[in-house]
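So the structure is just underneath, and the comments pick up after that.
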């Protein structure tokens, strides 16, 4: 029935009787090597930033930095087995509902907002414009006031910085963004004015989220005590945000990579690295299996 020889069955019977059967556990040829597991653990514990990072972002950061080339699931298994993920680490949160009208290209949607920044007993006003497709910060300022004139000058500077852009400018219904001067400015540059729904900040969620990140990762940890120090702190954070920080909303790429059109190249390169690592891992584990069998 099973195509077995008599002598093989008899040998098994004798081994069962003597209790000497030793079934060798087969090793998955695609399982991570000991060296790869060690590299994942070392990189996870390398810094507080790595410890607080979600496993998906950690996966692609290790690929980009040529630390180790493993899939998300493989890294998750390693982290779970070594108790390097769980309630003591940062948990990712996702929005309840995805925005329906996504931008299709760079400079399609521009998001802008204003945040209060208190330095000692004085308030300043952090204003910025974020490209909705790439999440790239196009322009920002720390204003001493938030009058219509100051905001219009800021929008004018951004439009002059990117003269070919004809974006939809998404904003809340603040008084600075409502008026004939603002509408005329956008109309003269071929832009579309898109105020969000009243009392629905989620419609401008990308800008709201960036404000939260700026407070959480820049202003609160550094607590600047004067105007220029605050500018330096924000500038350093935005440089890191644009050029180094992997963004979950854009396939764990940096905003600069998407803004410059390098996204497909990087994603293809990641796939090739994973493919080659998978092939190498298979060959290494095959050799280990053959040595163990001999």
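The values are calculated or read from the model by the stated rules, or taken from the named source; none is laboratory data. Quick caveat, the model's predicted, so the values are computed rather than measured. Cβ coordinates were reconstructed from backbone atoms using ideal geometry, including for glycine residues, and neighbour counts include every protein chain displayed.
Condition (residue is more than 22 Å from residue 123 (Cβ to Cβ), assigned by TED's automatic domain parsing to the domain that holds residue 231 and free of Cβ contacts under 8 Å to residues at least 60 places away in the same chain) applied to the range 138-152: is it met by at least one residue? The answer is yes, given that some residue of the range 138-152 is more than 22 Å from residue 123 (Cβ to Cβ), assigned by TED's automatic domain parsing to the domain that holds residue 231 and free of Cβ contacts under 8 Å to residues at least 60 places away in the same chain. Hey, does the range 260-273 have a residue that's more than 19 Å from the chain's Cα centre (by Cα) and surrounded by fewer than 15 Cβ atoms within 10 Å (Cβ to Cβ)? Looking through the range 260-273, at least one residue is more than 19 Å from the chain's Cα centre (by Cα) and surrounded by fewer than 15 Cβ atoms within 10 Å (Cβ to Cβ). The set of residues in the range 30-53 that are over 26 Å from residue 289 (Cα atoms) and exposed (fewer than 15 other Cβ atoms within 10 Å of the Cβ) comprises 42, 45, 46, 47, 48, 49, 52. Evaluation of residue 169 against the conditions (1) surrounded by fewer than 18 Cβ atoms within 10 Å (Cβ to Cβ); (2) in contact (Cβ under 8 Å) with a residue 12 or more places away in the chain; (3) in contact with a helix residue (DSSP H, G or I) (Cβ under 8 Å, 6 or more places away or on another chain); (4) not in a helix (DSSP H, G or I) shows that the sole unmet condition is (1). Of all residues in the range 1-35, those that are within 29 Å of residue 276 (Cβ to Cβ), without any contact (Cβ under 8 Å) to a residue 60 or more places away in the chain and outside any helix (DSSP H, G or I) total 1. Screening residue 89 with (1) under 20 Å from the mean Cα position of the chain (by Cα); (2) modelled with pLDDT of 95 or more gives one miss only, at (2). Whether a residue is at pLDDT 90 or above, loosely packed, with under 15 Cβ neighbours inside 10 Å, outside the structural domain of residue 233 (by TED's automatic domain parsing) and under 30 Å from residue 134 (Cβ atoms) was assessed, and residue 75 does not pass this test.
Within the range 130-137, the presence of a residue that is under 30 Å from the mean Cα position of the chain (by Cα), at positive phi and surrounded by fewer than 21 Cβ atoms within 10 Å (Cβ to Cβ) is excluded. Against the numbered list (1) modelled with pLDDT under 95; (2) surrounded by fewer than 14 Cβ atoms within 10 Å (Cβ to Cβ); (3) under 30 Å from residue 57 (Cα atoms), residue 294 comes up short only at (3).
Quick one: is residue 193 in contact with a helix residue (DSSP H, G or I) (Cβ under 6 Å, 6 or more places away or on another chain) and not in a helix (DSSP H, G or I)? Yes: the conditions hold for residue 193. Picking from residues in the range 223-270 that are touching a helix residue (DSSP H, G or I) at 6+ places or on another chain (Cβ under 7 Å) and part of a loop (DSSP other than H, G, I, E, B), the one that is nearest to residue 110 (Cα to Cα) is 254. Being over 17 Å from residue 115 (Cα atoms), at pLDDT below 95 and not assigned by TED's automatic domain parsing to the domain that holds residue 267: is that true of residue 192 here? Spelling it out, residue 192 is indeed over 17 Å from residue 115 (Cα atoms), at pLDDT below 95 and not assigned by TED's automatic domain parsing to the domain that holds residue 267. You will find that of 219, 186, 159, the residue that is under 29 Å from residue 250 (Cβ atoms), touching a helix residue (DSSP H, G or I) at 6+ places or on another chain (Cβ under 7 Å) and either buried (at least 17 other Cβ atoms within 10 Å of the Cβ) or not assigned by TED's automatic domain parsing to the domain that holds residue 245 (or both) is 219 and no other.
Annotation note: of 242, 204, 235, the sole residue that is surrounded by fewer than 17 Cβ atoms within 10 Å (Cβ to Cβ) and under 27 Å from the mean Cα position of the chain (by Cα) is 235.
So that you can scan it fast, the table gives a plain yes or no per residue for (1) at pLDDT 85 or above; (2) within 28 Å of the chain's Cα centre (by Cα):
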site	(1), (2)
1	no, no
18	no, no
22	no, no
32	yes, yes
35	yes, yes
48	no, yes
60	yes, yes
70	yes, yes
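Residues of the range 196-212 that are modelled with pLDDT of 90 or more and touching a helix residue (DSSP H, G or I) at 6+ places or on another chain (Cβ under 7 Å): 208 alone. Give the residue that is modelled with the highest pLDDT, with candidates limited to residues of the range 100-110 that are farther than 30 Å from residue 275 by Cβ and loosely packed, with under 14 Cβ neighbours inside 10 Å. Among residues in the range 100-110 that are farther than 30 Å from residue 275 by Cβ and loosely packed, with under 14 Cβ neighbours inside 10 Å, the one modelled with the highest pLDDT is 101.
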